[in-house]
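The values are calculated or read from the model by the stated rules, or taken from the named source; none is laboratory data. Just so you know, these numbers come straight off a predicted model, no measurement behind them. Using ideal geometry, Cβ is built from the backbone for each residue, glycine included, and neighbour counts are taken over all protein chains shown.
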Amino acid sequence: MPIRRSSRRGPVHGHPLRDALLELIDRDGTTTSTLAAKELGESTGSCSFHLRRLEVLGLIEPDPEATGRVKPWRRVPTTQASLNRELEDVAYASWLQQKSSDDQDFAFSEVVALTEGQLTELRARLHRVLHDFTRTIPIPKDTTPTAVIIRAFPIQE
């Protein structure tokens, strides 16, 4: 199945070809500039340039198991937490590019002094609040999947 350029209003990683290259690597595990050029209908030079830019951004790396002159690229291994954070950031950036002035969002942060027990209680209360919104079955047709991201952690001094 060929990779198609994203139809989003603006690339997430600075250029639509970079998004297409990442999709190709995600699909196949690795790619080379030659394979990517053939798949995406681009020049080898252009694919090579953007693959190197993605390396500078820390998103891909040369496959260390490759031998010979062929230079396949792969995703940089990440922990699950950093992968989730990247997915959240990409999804939020994409939504910001497409949102209208009527779309609602909010973000806030506070630094509070909590004991370990209070942090545990905060987590439990927030789970209960979210549970109130997720237990409706069947899901009404007029709903939209909505990301709710809550992070509470001790600040290292």
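Of note, residue 103 does not satisfy the criterion of being surrounded by 11 or more Cβ atoms within 10 Å (Cβ to Cβ) and either among the acidic types (Asp, Glu) or part of a loop (DSSP other than H, G, I, E, B) (or both). With respect to residue 129, is the statement that it is exposed (fewer than 10 other Cβ atoms within 10 Å of the Cβ), out of contact with any Pro (no Cβ under 8 Å at 6 or more places or on another chain) and either free of Cβ contacts under 8 Å to residues at least 40 places away in the same chain or in a loop (DSSP other than H, G, I, E, B) (or both) true? The answer is no for residue 129.
The number of residues in the stretch 46-69 being assigned to a loop (DSSP other than H, G, I, E, B), of a type in the set (A, V, I, L, M) and at pLDDT 85 or above comes to 1. Checked against the criterion of being of a type outside the set (Val, Ile, Thr), at pLDDT 85 or above and within 25 Å of the chain's Cα centre (by Cα), the stretch 76-91 has no qualifying residue.
When we screen 90, 111 for residues that are touching a residue at least 40 places away in the same chain (Cβ under 8 Å), surrounded by fewer than 10 Cβ atoms within 10 Å (Cβ to Cβ) and of a type in the set (Val, Ile, Thr), the only hit is 111.
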